[in-house]
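A short worksheet on the structure shown next.
The values are calculated or read from the model by the stated rules, or taken from the named source; none is laboratory data. Bear in mind that the values here come from a model prediction, so they are computed numbers and not experimental data. A quick note on method: Cβ atoms are made from the backbone with ideal geometry, for glycine too, and the neighbour counts reach across all protein chains shown. What goes into the accessible areas is simple: the full protein's heavy atoms, side chains included, and nothing from ligands, DNA or RNA. Shrake-Rupley method; radii C 1.70, N 1.55, O 1.52, S 1.80 Å.
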Amino acid sequence: MTTPNPAIAITAMTTTSALGAGIPALRAALSEERSALRPTPVIQDTQPPGFVGAIDLLDTTFLPTELQPWDCRNNRLAWLALQQDDFLQSAQRAVARHGADRVAVFLGTSTSGIACTEIAYAEAARDSDLSTLPAWYDYTHTHNIHSVSAFVSAVTGARGPSHTISTACSSSAKVFATASRALRAGLCDAAIVGGVDTLCLTTLFGFHALQLVSDAPCRPADADRKGISIGEAGGFALLEPGGEAACGELLGTGESSDAYHMSSPDPEGRGAMAAMQQALDRAGKTAAEVDYVNLHGTGTRVNDAAEDAAVSGLLGNTTPCSSTKGWTGHTLGAAGITEAVICLLCLQDGFLPRSLNTRTRDPELQANILMHSENRRLRTALSNSFGFGGTNCSLLLGAAP
């Protein structure tokens with residue numbers, strides 16, 4: 001029997017996506033049921049297929065002179081996101097309270113600044129010399145998977161443990177579990193967690209090669225769903241045990257690995273169910289105490305069916321569930337933090353978002369997919385993030401006391 005862990009206060013949060021920069025933009029889009037998905041724009045003189053959630057603000061976002069070594073689309077998004085909802089100031093105040101060495105940074109991403117490498121190779125190809133990349137190219141500060149965490153540490157002044165997780169779509173959910181362990185072990189007194197992922201040709205054409213990209217805005221749980229719509233996002237949360245839970249609480253985390261297939265989930269959803277059960281156990285909660293589930297809900301036939309088997313198997317068919325990827329697109333390594341913030345906002349506002357773009361619910365799915373948004377008091381929300389290779393993470397979040 002797992003001994004429940006004390007809840008961890010979430011004292012600040014923010015997210016920036018195609019819906020806009022910061023919590024007010026997210027709140028407005030959820031209320032208006034406004035999707036940010038649109039046809040993929042031209043990227044590096046190439047027109048990738050499908051629909052995406054692109055952040056136009058990144059075209060006019062620039063890093064300060066002293067941060068120029070980190071300049072790439074991914075770190076520009078991190079910079080933009082940090083400016084929203086007073087988050088950077090909140091993080092800096094936490095550094096002042098606890099001491100720089102006692103504030104950790106745990107972030108997730110799938111491809112980091114790989115777009116910068118794509119541009120560098122394209123330039124080298126134009127010069128007919130792929131053996132020599134341009135002088136401006138700086139792998140360490142851009143493409144390197146740890147670039148975003150090093151960047152955030154530098155900006156906030158946090159000098160505690162710094163770690164980047166890259167486990168595909170579960171990356172920025174797993175950082176909550178990593179932070180929880182580090183806090184309980186006494187390695188830090190506060191943790192900045194989150195994730196940043198931006199559009200790149202590698203991702204857009206990679207998912208297309210796997211025949212997972214929809215030619216229309218994604219329709220999670222729909223009878224005629226065709227696949228995913230990729231998005232980009234950046235978001236952060238500040239975890240402080242014993243702090244004022246202004247945004248809500250992290251009640252429990254669960255992680256598992258399917259070990260089933262490199263790009264397909266276990267169709268019976270056993271790994272996903274294990275992650276959800278673990279989150280409940282660590283929180284000392286039962287399935288009946290879950291008020292809402294934010295599904296991983298990618299809109300692919302296989303993923304939605306596997307998650308449905310897990311959710312209905314553990315929670316039954318009455319707990320309200322929905323995917324919010326119809327709003328933002330699938331933000332990959334930033335999906336965990338994006339959807340955790342959405343859950344926390346729903347807990348604050350007493351709001352259950354419907355599965356946007358879902359027209360006809362797949363009759364083979366058993367979970368209680370919300371076809372209409374509702375207003376209802378919520379105490380807990382479960383957020384699922386499941387990635388390639390069967391790397392699963394579930395977060396149980398609670399309303400502020």
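Of the residues THR300, ALA272, ALA340, the one whose Cα sits farthest towards the positive end of the charge dipole of region 264-401 is ALA340 (charges of +1 on Lys and Arg Cβ, -1 on Asp and Glu Cβ, taken about the Cα centre).
Is the shape of region 164-229 rounded, prolate or oblate, going by the alpha carbon gyration tensor and its root eigenvalues a ≥ b ≥ c, with a/c under 1.5 for rounded and a/b larger than b/c for prolate? In terms of gyration-tensor shape, prolate.
In the chain, a dipole from Cβ-located charges (positive for Lys and Arg, negative for Asp and Glu) runs towards its positive end, and of CYS169, PRO363, THR40 it is PRO363 whose Cα lies farthest in that direction. With contacts taken as Cα pairs under 8 Å and at least 6 residues apart, the chain reaches a relative contact order of 23 percent. Size descriptors for the chain: radius of gyration and Dmax over Cα atoms are 19.7, 63 Å. Shape summary of region 269-361, radius of gyration then Dmax from alpha carbon positions: 13.0, 36 Å. Sparse packing (at most 15 other Cβ atoms within 10 Å of the Cβ) combined with a DSSP loop state is found for the following trypsin sites (Lys or Arg not before Pro) in region 252-359: ARG359. For region 42-188, the alpha carbon convex hull comes to 142 Å³ per residue, rounded to a whole number.
Most simply put, the chain has about 65% antiparallel DSSP beta bridges, counting only bridges with both residues inside it. Here region 75-116 was treated as a single set of alpha-carbon atoms; its pair distances binned every 5 Å from 0 give 6, 18, 22, 23, 17, 10, 4, 1 percent. Considering only GLY329, GLY160, GLY242, the mean-square fluctuation computed in a Gaussian network model of the chain, springs between alpha carbons under 10 angstrom, is largest for GLY242. Consider all pairwise Cα distances in region 172-288 and report the whole-number % of them above 17 Å. Counting pairs separated by more than 17 Å, the tail of P(r) holds 71 percent. Computed from the C-beta positions of LEU133 and ILE43, the FRET efficiency with R₀ = 22 Å rounds to 0.65.
Protein-only accessible surface at a 1.4 angstrom probe places the residues MET371, MET276, MET262 in the order MET262, MET371, MET276, largest first. Taken about its Cα centre, region 332-401 carries a charge dipole of roughly 180 debye when the Cβ of each Lys and Arg holds +1 and the Cβ of each Asp and Glu holds -1. Packing-based ranking of 183-196, 201-214, 132-145 yields 183-196, 201-214, 132-145, ordered from highest to lowest mean Cβ neighbour count within 10 Å. Pull out a ≥ b ≥ c, the square roots of the eigenvalues of the alpha-carbon gyration tensor of region 320-401, then state rounded if a/c is under 1.5, prolate if not and a/b is larger than b/c, and oblate in the remaining case. Oblate, because a/c is 1.5 or more while a/b does not exceed b/c.
Computed from the C-beta positions of GLU364 and TYR260 and an R0 of 25 Å, the FRET efficiency is 0.80 to the nearest 0.05.
Magnitude of the charge dipole for region 83-191, about its Cα centre and with charges confined to Cβ atoms of Lys, Arg (+1) and Asp, Glu (-1), is about 680 debye. For region 136-295, a crude dipole built from +1 on the beta carbon of Lys and Arg and -1 on the beta carbon of Asp and Glu, taken about the Cα centre, is about 260 debye to the nearest 20. Name the shape class, rounded, prolate or oblate, that the alpha-carbon gyration tensor gives for region 7-69, where a ≥ b ≥ c are the square roots of its eigenvalues, rounded holds for a/c under 1.5, and otherwise prolate holds if a/b is larger than b/c and oblate otherwise. Oblate, since a/c reaches 1.5 and b/c is not below a/b. Computed from the Cβ-Cβ distance with R0 of 22 Å, the FRET efficiency linking ASP349 to ARG93 stands at 0.30.
Between region 98-152 and region 308-339, what is the separation of their alpha carbon centroids in Å? Comparing the Cα centres of region 98-152 and region 308-339, I get a distance of 30 Å.
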